[in-house]
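Visitor: This is the structure, below, for whatever I ask next.
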Amino acid sequence: NCSYFKHFTPGETSEIFEVTTQKEYSISAAAIAIFSVGFAIIGTICILLSFRKKRDYLLKPASMFYTFAG
């Protein structure tokens, strides 16, 4: 008797496999991704300035930007 498993019974509509995406989640995920890329870019700029002009004090903010990007 497979009536318990709705996905095995043909002809009946099952609500188990209906996939709906919520718009709020996708917008917030896109915003988080954009902020993450921005933090990674700022961290890269700090590291490049640190290596080019021998400013070692820029490595701490760069590591924090990379942490925020993660």
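Visitor: Pairs needed: first member in segment 55-66, open to solvent by 90 Å² or more (accessible area, probe 1.4 Å); second member anywhere, not charged (D, E, K, R); C-beta distance under 6 Å; at least 6 residues apart or different chains.
Guide: From segment 55-66, the pairs are Y66/G43.
Visitor: With respect to the numbered conditions (1) open to solvent by 80 Å² or more (accessible area, probe 1.4 Å); (2) at pLDDT 90 or above, which one is the sole condition not fulfilled by R52?
Guide: Unmet for R52, out of (1) open to solvent by 80 Å² or more (accessible area, probe 1.4 Å); (2) at pLDDT 90 or above: (2).
Visitor: Taking the stated definitions as given, is A30 within 20 Å of the chain's Cα centre (by Cα), open to solvent by less than 100 Å² (accessible area, probe 1.4 Å) and at pLDDT below 90?
Guide: So A30 fits the description; yes.
The values are calculated or read from the model by the stated rules, or taken from the named source; none is laboratory data. Note that the structure is predicted; figures quoted are calculated from it, not measured. So basically every Cβ, Gly included, is an ideal-geometry build from the backbone, and we count neighbours across all protein chains shown. We work out accessible area using only protein heavy atoms, side chains counted, and drop any ligands, DNA or RNA first. Shrake-Rupley method; radii C 1.70, N 1.55, O 1.52, S 1.80 Å.
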